[in-house]
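Structure first, commentary second.
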């Protein structure tokens, strides 16, 4: 199942009319900043994260707690409704097409992504975000590890040179918790309702299937 099937009619129509997520006209003179919003519990985020370095190398990575984003938008993961089976099949087909190997689904999945989201914020503060995030998502979707379990989060830290003892301490850090909430508030204010989402200037691209479009938009602005 393509991610576009999960968009609302209003969201699809807005994109076709050349509007931003907030409904404002897209402008050619907008800022060209590019931000990649993602969540570690999202397999589509993993697929996009494995590819975005080659497509949009200058994108700023911004981790999110998707549970909080879904709650704020009155949504839930497609892994919890009738879209689960076709969505999983689509992810498996994409992973194979991208040369990422077979997907091993965690059991259970999806679960809480709060701890791993905090860990990604902590990793970002140490310059380790991309390495940590990729290791965490590979643990989940290539090895079937449960990211809701502290041991899995700490293992991702070990694999990305983030000392597990320091990572464990950082998970309880008030500044880390506040930074994660602020990241979520920023994303919501910009119209983010799911992941992965890439925002180029004011233009929002939701889904792994729109990553090439985001890259084209970023390239057009760079000319």
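The values are calculated or read from the model by the stated rules, or taken from the named source; none is laboratory data. As the structure is a computational prediction, the values presented were derived from the model and not from experiment. FYI the Cβ positions are ideal-geometry reconstructions off the backbone, even for glycines, and counts take in every protein chain you see.
The table below lists the values:
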quantity: The range 24-56: number of residues that are modelled with pLDDT under 90 and out of contact with any helix residue (DSSP H, G or I) (no Cβ under 7 Å at 6 or more places or on another chain); calculated: 8
quantity: Within the range 104-223, helices (runs of 4 or more DSSP H) holding 3 or more residues that are surrounded by fewer than 18 Cβ atoms within 10 Å (Cβ to Cβ) and modelled with pLDDT under 95; calculated: 211-222
quantity: Pairs where the first residue, in the range 60-79, is in a helix (DSSP H, G or I) and the second is modelled with pLDDT under 95 and surrounded by 14 or more Cβ atoms within 10 Å (Cβ to Cβ), C-beta under 6 Å, 6+ apart; calculated: 78/6
quantity: The range 193-210 residues that are in contact (Cβ under 8 Å) with a residue 60 or more places away in the chain and at positive phi, paired with ones that are assigned to a strand (DSSP E or B) and surrounded by fewer than 24 Cβ atoms within 10 Å (Cβ to Cβ) (beta carbon under 9 Å, 6 or more apart); calculated: 201/34
quantity: Unique residue being in contact with a strand residue (DSSP E or B) (Cβ under 9 Å, 6 or more places away or on another chain), buried (at least 23 other Cβ atoms within 10 Å of the Cβ) and over 17 Å from residue 115 (Cα atoms) when the list is 48, 40, 59, 33; calculated: 48
